[in-house]
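A.B. asks: Take this structure, written in structure tokens, and hold onto it; I'll ask about it next.
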Amino acid sequence: MGRPRQFDEERVVRAACRAFWTRGFDTTSTADLCEATGLTRSSLYNTFHSKEHLFRRALSHYATTMTARQSDVLDTQGPSGLERLRTLLSAIVDDELDNQRTGHGSGCFTVNTITAAASRNPDIARLIQADQDRRLASLRLAIMDGQLDGSVTGEREPGELAWYTTSLIYGLRVAAQSGAGREPLEGIAGVGLRALQA
């Protein structure tokens, strides 16, 4: 029988997620991953087989966590559909400002991956597409609720507005990655919400 693992695999995935998020796939070395996770090179590869496999696990962890948070906000019964979207954008601004303070990744790990690695790797592209589909679905439902309660414009299809909101979220994260502080980030969110408002 092999020796039992002496570490928490999920903790290692979370630590690797922060390393990849901060440095990107291409520039994160095995030494960086060993330092971030506290594992030796042999333990890392015996468990995760390759840097790419660990990256997929890390990206999947990030996507699942962030999509669950988005769904929690949008599924909450708020005063209106628009207010639920406002709460989501406010949470994203707070997240990005916290990321700037702590240095735990910058911008959006998913956006960073779309622009860097997804085009070269079909498995990563499929993972991102599945996550994006889930996020769009939850946004579409909140927008439909907003159209029904009269808070969100009915001049566009819910699917179009879901894509618009996704682009707005990506834009907020990229702006934060570029160093934008609270005032410009809240300004971007405010302009976006006015475009969604009935």
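A.B. asks: Give the calculated FRET efficiency between D26 and Q132 to the nearest 0.05, with a Förster radius of 22 Å applied to their Cβ-Cβ distance. If you can, show how the numbers build up before the last one.
C.D. replies: Working: r = 22 Å, r/R0 = 0.99.
With a Förster radius of 22 Å, E is 0.50.
A.B. asks: Work out the P(r) tail for the chain: percent of alpha carbon pairs separated by more than 24 Å, whole number. Spell out each step's value before the answer.
C.D. replies: Values: 8845 of 19503 pairs.
Within the chain, distances greater than 24 Å cover 45 percent of Cα pairs.
A.B. asks: Now for a different question. Along the charge dipole of the chain, which of T47, Q147, A189 sits closest to the positive end, that is, farthest toward it, with unit charges on the beta carbon of Lys, Arg, Asp and Glu (+1, +1, -1, -1)?
C.D. replies: Farthest towards the positive pole: T47.
A.B. asks: Using a 7 Å offset from the Cα along the Cα-to-Cβ direction at both E160 and N121, what is the distance between the two label points in nm, to one decimal?
C.D. replies: 3.6 nm
A.B. asks: Shifting gears a bit: Whole angstrom only: what separates the Cα centroid of the stretch 165-198 from the Cα centroid of the stretch 9-28?
C.D. replies: 26 Å
A.B. asks: Separate question: Using all Cα-Cα distances in the stretch 97-195, what percent lands in each 10 angstrom bin from 0 up to the longest?
C.D. replies: Per 10 Å bin, starting at 0, the Cα pair percentages come out as 15, 37, 35, 13, 0.
A.B. asks: Provide the FRET efficiency to the nearest 0.05 for the T153-S43 pair, computing r from the beta carbons and using R0 = 45 Å. Intermediate results must be reported in sequence, preceding the final value.
C.D. replies: Numbers: r = 54 Å, r/R0 = 1.19.
That gives a FRET efficiency of 0.25.
A.B. asks: 5 Å is the cut-off here: which amide hydrogens, built 1.01 Å from N in the peptide plane, fall below it relative to T28, excluding neighbours closer than 5 in sequence?
C.D. replies: Those lying under 5 Å, H to H, from T28: there are none.
A.B. asks: Let me ask something else. Compare L82, L172, L39 in a GNM of the chain, Cα atoms joined below 10 Å, and give the one with the largest fluctuation.
C.D. replies: Sorting by GNM fluctuation, first place goes to L39.
A.B. asks: How big is the Kirkwood radius of the stretch 20-97, worked out from every pair of different alpha carbons and given in Å to one decimal? Could you put the intermediate results ahead of the total?
C.D. replies: Values: mean 1/r = 0.0673 Å⁻¹.
For the stretch 20-97, the Kirkwood estimate is 14.9 Å.
A.B. asks: Using the alpha carbons of the stretch 118-165, what is the convex hull volume per residue in cubic angstrom, as a whole number?
C.D. replies: Convex hull of Cα atoms, per residue: 59 Å³.
A.B. asks: So what's Rg/Rh here for the stretch 149-198, counting alpha carbon atoms and using the Kirkwood radius for Rh?
C.D. replies: On the way: Rg = 12.0 Å, Rh = 11.6 Å.
On the Cα set of the stretch 149-198, Rg over Rh gives 1.04.
A.B. asks: Ok, one more. Near the amide H of Q197, under 5 Å away, which other amide H atoms are found, from residues 5 or more places off or on another chain, if H is placed in the peptide plane?
C.D. replies: When sequence neighbours closer than 5 places are left aside, the close amide H contacts are T153.
A.B. asks: Taking all protein chains as present, what is the carbon and sulfur share of the accessible area of the chain, in % to the nearest whole number, probe 1.4 Å?
C.D. replies: C and S fraction of accessible area: 51 percent.
The values are calculated or read from the model by the stated rules, or taken from the named source; none is laboratory data. Everything numeric in this text was worked out from a predicted model, so none of it was measured. Glycine gets a Cβ as well: all are built from the backbone with ideal geometry, and neighbour counts include every protein chain shown. These accessible areas exclude ligands, DNA and RNA; they are computed on the full protein's heavy atoms, side chains included. Shrake-Rupley method; radii C 1.70, N 1.55, O 1.52, S 1.80 Å.
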